[in-house]
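Peer 1: The following block contains the structure, expressed as structure tokens.
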Amino acid sequence: MLKKWRENIFFFSLVIAAGVFPFSEALVSISAGLLLFQALIFRLWFYDSEKERSVKTLLFPISVFLIYLIGVIFTKDFSFALYELKKVVFWIVIPVAVFLSPKLSDKKVYTVFFVFIASVTAASFIFSFKLILHDYFRFESFRTISIVSHIRYSLQVVLTLILLAWLIFNNKSKQIKIPFYASIGLFLWHLWFLLLLKSLIGIIAFTGVAGISLFLHAIKVKNIKVKLILSFVLVAVIILPVFFIGKVIKDFYNFKNVDLENIGYITLSGNNYHHDFEQFMRENGHLVFVYICEDELRQEWNKRSEIKYDDIVNGYPLSSALIRYMTSLGFKKDSVGVSKLTSDDIEMIEDGVTNYKFKNRFFSIYPRIYETIWELDNYMRTGDPNDKTLAQRIEFVKASLILIKENPVFGIGTGNWVIEYDEVYDRMETKLSAEKRGPSHNQYLNYIVKFGFTGFIWIFVAVLIPVFRQGHQKNFIFVFFLVSIAFANLGDANMETHMGLSFFTFFYSFFLWNSTGEMKKSILED
């Protein structure tokens, strides 16, 4: 009785944590504290799974925090070093909490999965509702649709897809409570929602998982027909995104040339056009900074909208969105052009939309890719990365590579990145404004910058060794969870964010010490 009571306390703590990840950073912190509190208070009472675990395994994730602690020796900013230590304390809190708690029954393990799936699904419905009523909620972009970071939430969606895939493959198990067709429906829904979320990092993470899974399954399966089908799907997973991106690039660079000898300088109303032939920014192939008459634009626009021509929308002048939007339609930027705008066009411009092709921007990945190409094109032409997500990250990577070259063995230490990066950016003579400067949005580069190749290799080893020590080599869920994080870390420093690290250490620790026998059996077999 006491043993079951002890197990239930741990179980309910896990359920709370699994249920709050999509909704609140504060609740995640509280649930992590609750996990540790129950573990320390009750420790190893009333259960005997201690003998199944080795403290040596626990020391590996804890050692990652110790790397940060050792890095403080080299710090030039002790207060910021303490801030970094505070951010990564989950490397201790959650592994210790799970290690000191009893191993759950299979039924309780799957219940934690179901609570997590239900929570992520509920959040997806809420966010979809916000998308449908985006005119009412008036959020600035897809990045603000989720309650927590859209990148971190996208990783939760990817794990949900992994769990659902496992449930589908194991539909004959007596432990599975979600009906087979319901699992398939939920899988398809979350796959679609991942595209709606438009987190490229989440999409890349899932594509990486799907590609590797299909490849391994195609190799192991013996049925020739199944092997051919899997091979075809794998090729499609690789080729279709390439073709789609290629189409967007082709559309973007389908330039409409301007006849400079016959270009007009007078509007139909008799006012002067302004042409800037030194600016090569384009929308849908049309030059943006030609055929502009601001006097007519301001006058006619202000007649049609309560948001005025010189107002600021989403941090930018509305006039900028208006000019780019009209350019995307191929209109001249004058009174005649404004008169051609429909009421839908007016609403989109009022929302700060810069291209008519973004009309279904909340339900299509096309605008997200187009925007990225536009940012890169502008960056390559002007060298200005400000307010351009991918362009800024390129500058971050350049600075990171310089720091790695100068500090390859032990890195710059904990708490030093602001000082060291600022100095490097000054040497680079970057156009990146001071408030936009930051470290690499690549977890691997971040580790190498801070701790050198020595620290990076140890962290890599410290994460993987427990997986092998605990016999998880064939654990589909665990392995592909790690694969998804590995891909996601190429595009962001997830392990140095509150939600990213708490999410990783929670499921890493949970899978490490609570995976069921079924989970440890490979499903990548015929």
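The values are calculated or read from the model by the stated rules, or taken from the named source; none is laboratory data. Here the structure is a predicted model, which means the values were calculated and not measured. All Cβ positions, glycine included, derive from the backbone under ideal geometry; neighbour counts span all protein chains shown. Note: areas computed on protein heavy atoms with side chains; ligands, DNA, RNA excluded. Shrake-Rupley method; radii C 1.70, N 1.55, O 1.52, S 1.80 Å.
Peer 1: Could you check region 415-440 and list, in sequence order, the residues that are buried (at least 23 other Cβ atoms within 10 Å of the Cβ) and under 23 Å from residue 488 (Cβ atoms)?
Peer 2: Listed by number, the residues that qualify are 417, 440.
Peer 1: Within the group 194, 268, 186, 260, which residue is within 30 Å of the chain's Cα centre (by Cα) and farther than 23 Å from residue 368 by Cα?
Peer 2: Answer to the check: 186.
Peer 1: Now a separate question. Just for region 343-363: of the residues that are of a type in the set (A, V, I, L, M, F, W, C) and at pLDDT 90 or above, which one is surrounded by the fewest Cβ atoms within 10 Å (Cβ to Cβ)? So that I can check it myself, show each step before the final result.
Peer 2: First, the residues of region 343-363 that are of a type in the set (A, V, I, L, M, F, W, C): 346, 348-349, 353, 358, 362-363.
If we keep only those that are at pLDDT 90 or above too, we end up with 346, 349.
Numbers: 346: 17, 349: 25.
Going through the qualifying residues, I end up with 346.
Peer 1: Next up: In region 445-492, what residues are assigned to a loop (DSSP other than H, G, I, E, B) and without any contact (Cβ under 8 Å) to a residue 24 or more places away in the chain?
Peer 2: 473 - this is the single residue of region 445-492 that is assigned to a loop (DSSP other than H, G, I, E, B) and without any contact (Cβ under 8 Å) to a residue 24 or more places away in the chain.
Peer 1: Taking region 270-285, which residues are hydrophobic (A, V, I, L, M, F, W, C) and more than 13 Å from residue 324 (Cα to Cα)?
Peer 2: 277
Peer 1: Please go through region 112-132 and pick out each residue that is within 14 Å of residue 178 (Cβ to Cβ) and of a type in the set (Gly, Ala, Ser).
Peer 2: Scanning region 112-132 gives a single hit, 118.
Peer 1: Sort through 476, 460, 487 and tell me the only one that's among the aromatic types (Phe, Trp, Tyr), over 20 Å from residue 416 (Cα atoms), out of contact with any helix residue (DSSP H, G or I) (no Cβ under 8 Å at 6 or more places or on another chain) and open to solvent by 10 Å² or more (accessible area, probe 1.4 Å).
Peer 2: From the options 476, 460, 487, the qualifying one is 460.
Peer 1: Using the structure shown, decide if residue 511 is open to solvent by less than 10 Å² (accessible area, probe 1.4 Å) and either more than 17 Å from residue 152 (Cβ to Cβ) or in a loop (DSSP other than H, G, I, E, B) (or both).
Peer 2: Numbers: open to solvent by less than 10 Å² (accessible area, probe 1.4 Å): yes; either more than 17 Å from residue 152 (Cβ to Cβ) or in a loop (DSSP other than H, G, I, E, B) (or both): yes.
Here the answer is yes, as residue 511 does meet what is asked.
Peer 1: Just a yes or no: is a residue in region 430-444 in contact with a Leu (Cβ under 6 Å, 6 or more places away or on another chain) and part of a helix (DSSP H, G or I)?
Peer 2: no
Peer 1: Return yes when residue 173 is at pLDDT 85 or above, open to solvent by less than 60 Å² (accessible area, probe 1.4 Å) and more than 22 Å from residue 314 (Cα to Cα) and no when it is not.
Peer 2: no
Peer 1: Please enumerate the residues belonging to region 242-263 that are open to solvent by less than 80 Å² (accessible area, probe 1.4 Å) and not charged (D, E, K, R).
Peer 2: 244, 245, 246, 248, 249, 252, 258, 263
Peer 1: Among the numbered criteria (1) surrounded by fewer than 19 Cβ atoms within 10 Å (Cβ to Cβ); (2) under 19 Å from residue 241 (Cβ atoms); (3) of a type outside the set (S, T, N, Q), which one does residue 367 miss?
Peer 2: Answer for residue 367: the failing condition is (1).
Peer 1: Still on this structure, I have one more. Exactly one condition in (1) under 22 Å from residue 114 (Cα atoms); (2) touching a residue at least 24 places away in the same chain (Cβ under 8 Å); (3) in contact with a Pro (Cβ under 9 Å, 6 or more places away or on another chain) is not met by residue 203; state its number.
Peer 2: In the conditions (1) under 22 Å from residue 114 (Cα atoms); (2) touching a residue at least 24 places away in the same chain (Cβ under 8 Å); (3) in contact with a Pro (Cβ under 9 Å, 6 or more places away or on another chain), residue 203 misses (1) alone.
Peer 1: With the requirement that a residue be among the charged types (D, E, K, R) and open to solvent by 60 Å² or more (accessible area, probe 1.4 Å), what does region 308-326 give you?
Peer 2: 308, 310, 311 - these are the residues of region 308-326 that are among the charged types (D, E, K, R) and open to solvent by 60 Å² or more (accessible area, probe 1.4 Å).
Peer 1: When only residues in region 378-423 that are among the acidic types (Asp, Glu) and assigned to a helix (DSSP H, G or I) count, which is farthest from residue 68 (Cα to Cα)?
Peer 2: Among residues in region 378-423 that are among the acidic types (Asp, Glu) and assigned to a helix (DSSP H, G or I), the one farthest from residue 68 (Cα to Cα) is 395.
Peer 1: Are any of the residues in region 294-307 crowded, with 17+ Cβ neighbours inside 10 Å, hydrophobic (A, V, I, L, M, F, W, C) and under 27 Å from residue 366 (Cα atoms)?
Peer 2: The answer is no, given that none of the residues of region 294-307 is crowded, with 17+ Cβ neighbours inside 10 Å, hydrophobic (A, V, I, L, M, F, W, C) and under 27 Å from residue 366 (Cα atoms).
Peer 1: Is it the case, given these coordinates, that residue 340 is surrounded by 18 or more Cβ atoms within 10 Å (Cβ to Cβ), in contact with a Phe, Trp or Tyr (Cβ under 9 Å, 6 or more places away or on another chain) and basic (Lys, Arg)?
Peer 2: no
Peer 1: What is the residue count in region 213-240 for residues that are open to solvent by less than 60 Å² (accessible area, probe 1.4 Å), of a type outside the set (Ser, Thr, Tyr), within 19 Å of residue 480 (Cβ to Cβ) and in contact (Cβ under 8 Å) with a residue 60 or more places away in the chain?
Peer 2: Residues meeting the conditions: 2.
Peer 1: Does residue 465 meet the test of being open to solvent by 10 Å² or more (accessible area, probe 1.4 Å) and at pLDDT 95 or above?
Peer 2: yes
Peer 1: Give the residues of region 72-116 that are open to solvent by less than 10 Å² (accessible area, probe 1.4 Å) and part of a helix (DSSP H, G or I), sorted by residue number.
Peer 2: 81, 84, 91, 94, 95, 97, 98, 109, 110, 112, 113, 116
Peer 1: Then there is this: Go through (1) among the aliphatic types (A, V, I, L, M); (2) touching a strand residue (DSSP E or B) at 6+ places or on another chain (Cβ under 6 Å); (3) touching a residue at least 40 places away in the same chain (Cβ under 8 Å) one by one and return the number of the condition residue 326 breaks.
Peer 2: (3)
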